[in-house]
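Reviewing the structure listed below.
The values are calculated or read from the model by the stated rules, or taken from the named source; none is laboratory data. Quick caveat, the model's predicted, so the values are computed rather than measured. For neighbour counting, all protein chains shown are included, and Cβ atoms are generated from backbone atoms with ideal geometry for every residue, glycine included.
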There are 2 protein chains.
Amino acid sequence: MTTRSSVLSSALSSPAGAAPHVLDRCRELVRPALEEAVARLHPWVGEMAAYSFGWCEVGGAPAAAAGGKGLRQALAVLGAEASGAPVRSGVAAAVAVELVHTFSLLHDDIMDGDPTRRRRPTVWKAYGTGPAVLAGDALFALAVETLAGTPGGQVPAAIRHLSTALNDLVRGQADDLLFETRPWTGPDAVRPDEYRAMAEHKTGALLGCAAALGAVLAGAQPAAITALDRAGRHLGVAFQVIDDILGVWGDPAVTGKPVHADLRRRKKTFPVLAALAAPGTQRLALLLDSPEPLDDTVVRRAAVLIEEAGGRAAALAEAHRHIAAVDACLDSVPLEPAAADGLRALLSFLLRRES
Amino acid sequence: MTTRSSVLSSALSSPAGAAPHVLDRCRELVRPALEEAVARLHPWVGEMAAYSFGWCEVGGAPAAAAGGKGLRQALAVLGAEASGAPVRSGVAAAVAVELVHTFSLLHDDIMDGDPTRRRRPTVWKAYGTGPAVLAGDALFALAVETLAGTPGGQVPAAIRHLSTALNDLVRGQADDLLFETRPWTGPDAVRPDEYRAMAEHKTGALLGCAAALGAVLAGAQPAAITALDRAGRHLGVAFQVIDDILGVWGDPAVTGKPVHADLRRRKKTFPVLAALAAPGTQRLALLLDSPEPLDDTVVRRAAVLIEEAGGRAAALAEAHRHIAAVDACLDSVPLEPAAADGLRALLSFLLRRES
């Protein structure tokens with residue numbers, strides 16, 4: 001079994017000790033503005049939003065469990081600070097990006113039919129599909145409204161940056177849905193480079209937007225904006241590939257998912273695609289192509305075949321490449337040192353963390 | 001049986017003869033920019049968008065039937081012209097508003113479970129719920145991107161105007177969904193003024209945005225922007241109330257819906273709410289409250305009771321009030337005469353039209 005920290009222990013050099021404090025500081029900084037934005041929603045829609053943020057349970061009672069880590073809001077605050085932007089730009093960017101992220105979770109859970117998230121029923125499961133569609137739409141509209149209401153002359157550039165990320169996000173989700181209908185082998189099989197583009201769009205675009213949006217709002221140097229955006233995009237691909245590794249070999253006690261969950265669903269993940277791109281993997285292809293449900297014995301066999309064909313090693317190498325690219329992006333431009341260190345500590349912590 | 005033209009023949013004085021030509025001209029003006037925007041979408045999502053616009057069938061073959069009338073794009077072009085804005089402002093506004101309108105149709109059809117629209121399967125029925133959610137999101141993002149990419153200094157104001165309309169739209173849809181769960185009588189019953197606010201939000205906000213957005217983009221006088229926006233909002237309420245009248249007494253051959261469709265679904269429409277607000281309507285309330293399915297005899301009886309209680313007359317008076325308010329809004333500010341006449345002819349034509 002593999003945990004995230006064993007996946008990446010060799011790839012990271014930055015100390016991660018300060019990261020929980022960084023996450024807490026950013027969450028505290030952003031929370032009032034995020035609450036103020038959510039309070040502008042229709043009360044029923046606002047409850048679904050608060051439930052999604054982990055602030056309350058169904059019906060509005062205070063939440064028993066903690067919400068998400070707040071990765072995107074921390075990236076937004078630190079990215080803004082690193083570019084020399086004022087705190088208010090980072091907070092405005094954080095609010096917009098958290099709202100968009102939550103909108104995309106609500107809608108993705110409908111598309112993927114996922115019944116649970118963070119060990120609670122998903123919004124569509126708890127409130128119904130129609131209401132979950134509506135709540136996502138409301139969060140999307142609120143994100144745009146929040147950003148458009150920010151003072152300063154950089155609002156059009158910020159809206160363009162956010163909408164580019166949104167278009168990428170939708171494009172990535174569309175490709176991911178279409179991958180399911182494509183064959184495992186032959187000329188129409190999903191190639192690793194198509195997978196990489198999908199992961200950058202689906203996961204990386206919004207992380208890149210988070211890291212760069214405060215800098216855009218503050219009118220920072222284009223080179224800094226590009227470097228922060230690209231760092232977030234590489235981080236997204238790394239995250240996605242690591243999730244894929246954990247989806248095949250991860251410890252269920254740590255990932256919170258059943259063992260071999262992605263294999264059982266025949267999901268087209270990076271390790272499998274990389275394995276099938278190697279010669280002599282006909283047995284694996286036959287196994288995945290069979291119309292039978294994949295039982296425990298078969299998925300265990302498939303996991304071994306993927307590892308033997310180099311799928312796991314290729315995925316690890318891919319993740320390491322993108323983590324190195326994050327570092328290179330952050331090194332490529334002058335950034336405010338304390339904030340850049342905070343960013344590195346945060347990324348290091350997140351990549352070592354188990355969920 | 002009642003058709004839209006008999007509902008409103010007395011309320012309209014403007015000649016409607018030029019309106020089909022106005023609609024055609026606006027559609028031709030907007031189509032290239034709308035196609036260019038849709039071409040930026042992921043191809044699969046682009047096909048769902050083109051299907052929604054009535055440009056193609058499932059699979060991409062050219063459409064056999066015509067699409068919608070293009071009311072919102074015509075309002076955008078004429079509203080911009082009426083305020084003295086350049087054509088490009090009207091076209092940019094039209095593209096943004098048509099994209100948002102189509103996004104809202106896609107998602108509303110999921111929420112309402114409607115299987116057909118314009119005599120074809122709805123997108124969720126033809127492509128699946130998940131893809132329809134995604135296509136709606138893509139159109140929403142494209143609308144924001146298109147508006148943000150418009151040249152000129154008024155982009156933040158235009159984005160704020162659009163996002164206010166979007167928030168209203170979501171709020172109206174939320175109220176409409178919640179109305180279903182509220183009782184017919186007693187302190188928690190839906191009041192006619194709540195219905196009016198719902199209709200303004202759900203239907204009026206985007207029509208108001210369509211009429212005003214080109215003027216906003218061109219930096220027109222605030223008074224003209226407000227007048228155009230309010231005209232569109234009143235038009236929306238009038239439309240909704242007329243639809244409600246047709247939903248109870250409309251001719252199925254003309255409305256394309258089963259006779260008494262809204263009554264059968266126990267939809268909380270204006271004529272019913274107005275009837276129940278009158279004294280002595282206990283029998284109607286009992287009938288609507290009964291747990292039994294409403295058969296033909298019962299809905300016919302209910303329609304008679306609603307009419308006897310003054311529900312139909314109240315709804316007609318309500319529609320007339322809002323149509324008069326549209327006229328008053330257009331008269332309240334100096335507008336370019338030919339375009340203002342075009343707007344009046346268009347509204348007159350649309351209100352007389354049967355679908």
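What to note about this one:
- Residue match in segment A:174-190 (condition: aliphatic (A, V, I, L, M), touching a Lys or Arg at 6+ places or on another chain (Cβ under 9 Å) and farther than 26 Å from A:Asp289 by Cα): no
- Selection status of A:Thr122, of a type in the set (S, T, N, Q) and free of Cβ contacts under 8 Å to residues at least 24 places away in the same chain: yes
- Only one entry of A:Ala65, A:Ala141, A:Ala82 meets the criterion of being in contact (Cβ under 8 Å) with a residue 60 or more places away in the chain and either of a type in the set (A, V, I, L, M, F, W, C) or farther than 30 Å from A:Ala218 by Cα (or both), and that entry is A:Ala82.
- Residues that are β-branched (Val, Ile, Thr) and at pLDDT 95 or above within segment B:102-143 comprise B:Thr102, B:Ile110, B:Thr122, B:Val123, B:Thr129, B:Val133, listed in sequence order.
- Scanning segment B:271-284 for residues that are out of contact with any Cys (no Cβ under 7 Å at 6 or more places or on another chain), closer than 30 Å to B:Ala215 by Cα and either of a type in the set (Asp, Glu) or modelled with pLDDT under 90 (or both) turns up nothing.
- Within this structure, B:Ala197 passes the test of being within 14 Å of chain A (Cβ to nearest Cβ) and within 18 Å of B:Arg321 (Cα to Cα).
- Any hit, segment A:262-277, residues being touching a strand residue (DSSP E or B) at 6+ places or on another chain (Cβ under 7 Å) and either closer than 23 Å to A:Arg321 by Cα or of a type in the set (A, V, I, L, M, F, W, C) (or both): no
- Condition met for A:Val326 (within 23 Å of A:Thr255 (Cα to Cα) and either assigned to a helix (DSSP H, G or I) or among the aromatic types (Phe, Trp, Tyr) (or both)): no
- Scan of segment A:216-240 for residues that are under 14 Å from A:Arg160 (Cβ atoms) and buried (at least 22 other Cβ atoms within 10 Å of the Cβ), ordered by number: A:Val216, A:Leu217, A:Ile225, A:Asp229
- Condition check for A:Pro187: touching a residue at least 40 places away in the same chain (Cβ under 8 Å) and surrounded by fewer than 24 Cβ atoms within 10 Å (Cβ to Cβ): no
- Of the helices (runs of 4 or more DSSP H) lying entirely inside segment B:1-99, those carrying at least 3 residues that are modelled with pLDDT of 95 or more and out of contact with any Phe, Trp or Tyr (no Cβ under 6 Å at 6 or more places or on another chain) are B:19-38, B:43-52, B:71-82.
- For segment B:121-136, the criterion of being facing chain A (nearest Cβ under 9 Å) and either within 19 Å of the chain's Cα centre (by Cα) or closer than 30 Å to A:Pro151 by Cβ (or both) is met by at least one residue.
Yes/no per residue for (1) more than 28 Å from B:Pro115 (Cα to Cα); (2) acidic (Asp, Glu); (3) free of Cβ contacts under 8 Å to residues at least 12 places away in the same chain:
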position: B:Arg265; (1), (2), (3): no, no, yes
position: B:Pro279; (1), (2), (3): yes, no, yes
position: B:Arg283; (1), (2), (3): yes, no, no
position: B:Pro291; (1), (2), (3): no, no, yes
position: B:Ile306; (1), (2), (3): yes, no, no
position: B:Gly310; (1), (2), (3): yes, no, no
position: B:Ala313; (1), (2), (3): yes, no, yes
position: B:Ile323; (1), (2), (3): yes, no, no
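- Filtered by the rule that a residue be in a helix (DSSP H, G or I) and over 18 Å from B:Leu105 (Cβ atoms), segment A:133-154 gives A:Ala135, A:Leu139, A:Leu142, A:Ala143, A:Val144, A:Glu145, A:Thr146, A:Leu147, A:Ala148.
- Any hit, segment B:172-182, residues being more than 9 Å from chain A (Cβ to nearest Cβ), touching a residue at least 24 places away in the same chain (Cβ under 8 Å), more than 26 Å from B:Arg233 (Cα to Cα) and part of a loop (DSSP other than H, G, I, E, B): no
- Qualifying positions in segment B:36-53 - in contact (Cβ under 8 Å) with a residue 60 or more places away in the chain and buried (at least 17 other Cβ atoms within 10 Å of the Cβ): B:Ala37, B:Val38, B:Leu41, B:His42, B:Trp44, B:Val45, B:Met48, B:Ala49, B:Tyr51, B:Ser52
- Check on B:Ala33, among the aliphatic types (A, V, I, L, M), surrounded by 20 or more Cβ atoms within 10 Å (Cβ to Cβ) and more than 20 Å from the chain's Cα centre (by Cα): no
- Residue within segment B:82-100 that is away from chain A (no Cβ under 14 Å), touching a strand residue (DSSP E or B) at 6+ places or on another chain (Cβ under 6 Å) and not charged (D, E, K, R) present: no
- Just so you know, in segment B:85-131 the residues that are touching a Gly at 6+ places or on another chain (Cβ under 7 Å) and of a type in the set (Gly, Ala, Ser) include one that is surrounded by the fewest Cβ atoms within 10 Å (Cβ to Cβ), and it is B:Ala85.
- Residues located in segment B:148-164, provided they are more than 21 Å from the chain's Cα centre (by Cα) and within 8 Å of another protein chain (Cβ to nearest Cβ): B:Ala148, B:Gly149, B:Val155, B:Pro156
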